[in-house]
1. Can you find even one residue in the range 231-238 that is touching a residue at least 12 places away in the same chain (Cβ under 8 Å), touching a Cys at 6+ places or on another chain (Cβ under 8 Å) and among the hydroxyl-bearing types (Ser, Thr, Tyr)?
2. Determine, yes or no, whether Pro116 is farther than 30 Å from Pro216 by Cα and open to solvent by 40 Å² or more (accessible area, probe 1.4 Å).
3. Could you tell me whether the range 180-198 includes any residue that is small (Gly, Ala, Ser), within 22 Å of Val78 (Cα to Cα), open to solvent by 10 Å² or more (accessible area, probe 1.4 Å) and at pLDDT 95 or above?
4. What about Thr106, is it within 25 Å of Lys55 (Cβ to Cβ), hydroxyl-bearing (Ser, Thr, Tyr) and in contact with a Phe, Trp or Tyr (Cβ under 7 Å, 6 or more places away or on another chain)?
5. Tally time: how many residues in the range 125-141 are modelled with pLDDT of 95 or more, open to solvent by less than 60 Å² (accessible area, probe 1.4 Å) and more than 18 Å from Leu66 (Cα to Cα)?
6. Go through the range 222-248 and give me each residue that's open to solvent by 30 Å² or more (accessible area, probe 1.4 Å) and not in a loop (DSSP other than H, G, I, E, B).
7. Which residue, of Lys155, Lys122, Lys92, Lys97, is open to solvent by 10 Å² or more (accessible area, probe 1.4 Å), under 22 Å from Ala198 (Cβ atoms), basic (Lys, Arg) and touching a residue at least 12 places away in the same chain (Cβ under 8 Å)?
8. Restricting to the range 249-279, name every residue that is in a loop (DSSP other than H, G, I, E, B) and buried (at least 18 other Cβ atoms within 10 Å of the Cβ).
Amino acid sequence: MAAALALMATAAVTGVSPSVASAVPSSATGAAAPYRLTDLEMVRETGTVAPYEAKIAHCPPGKQPLGGGFELPIEHTVSASYPVADTGWVVKARSIKDDPTPFEMTWYAMCATPSPGYRIVKQTGIVPNGDNVGQTCSIFNYPYEYMVNVGGEAKGPTAALTTSSMWTNPSSTITYAGARGFRTDAGTVEIDVYAICATAYDGSTDWHNEWQSSYPNDRGPLWACPAGERSIGVTFRSNASLRSSKPHTIGESDWRVTALNPGVPGYDIEGGVVCAPRP
């Protein structure tokens, strides 16, 4: 993992969780008023797709994707879940049995007028199965750009995405995005990792860590934002690939995740939920 990160040329930002609260840029504490996503909107689309067919949950004109999700049938897992600026959130999936039969899928985008400086950066690497490809937002000037959310894709026949995460180094206040995956037909896999960046931390979103836990296949955690906040996405690190990443399962603050680890009865997962304070 360290070797793969060392190959990445770009640098970092600040994703905020309770465990790394000191990572918020000190200049953010002097902001006159926090920015609010007053027009946050969930877009949901459903249809029949072929394995690895790209489907996009399209954001309305003038809004940008800040998060996204999906629901897949039993014995299917995700290979890609990532944002496209001025468009929406992309999802690709496949059967764990390599069944070429089309299947039903639902895909989501969380869209809003974003914070100033909104942009998406991407890094690509070919790594051994399970190794990390890393990415940061700009750290050329302090305060650094702020990392809002992340996405990833594992490419190739039999590919599955197992990690799309971000973490902050408390000493440097730099936030890193990472993606991992695997292929069952090869020892290496091509990984794309995406980071959604904004000019600086402005209070419009925050990130709450969810510690590692274990679940049977096809079950998983219901992660939730603190009171007064809405969920706009999740990050995850797992030894399995997700079957669902569903926003607002019970209310506007939660996000349900389930995964599959073929050949064994269960899996481990950790990550975080990305939240937006209500207006």
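1. Yes, because at least one residue in the range 231-238 is touching a residue at least 12 places away in the same chain (Cβ under 8 Å), touching a Cys at 6+ places or on another chain (Cβ under 8 Å) and among the hydroxyl-bearing types (Ser, Thr, Tyr).
2. yes
3. yes
4. The answer is yes for Thr106.
5. 8
6. Our first condition is that a residue be open to solvent by 30 Å² or more (accessible area, probe 1.4 Å); within the range 222-248, this holds for 222, 224, 226-228, 237, 239, 243, 246, 248.
Scanning the range 222-248 gives Leu222, Ala224, Arg237, Arg243, Lys246.
7. Working: Lys155 fails: under 22 Å from Ala198 (Cβ atoms); Lys92 fails: under 22 Å from Ala198 (Cβ atoms); Lys97 fails: under 22 Å from Ala198 (Cβ atoms).
Answer to the selection: Lys122.
8. First, pick out the residues of the range 249-279 that are in a loop (DSSP other than H, G, I, E, B): 249-253, 261-265, 278-279.
Result: Ser253, Asn261.
The values are calculated or read from the model by the stated rules, or taken from the named source; none is laboratory data. All of these numbers come straight from a predicted model, not from anything done at the bench. No Cβ is skipped: glycine too gets one built from the backbone with ideal geometry, and neighbour counts run over all protein chains shown. We work out accessible area using only protein heavy atoms, side chains counted, and drop any ligands, DNA or RNA first. Shrake-Rupley method; radii C 1.70, N 1.55, O 1.52, S 1.80 Å.
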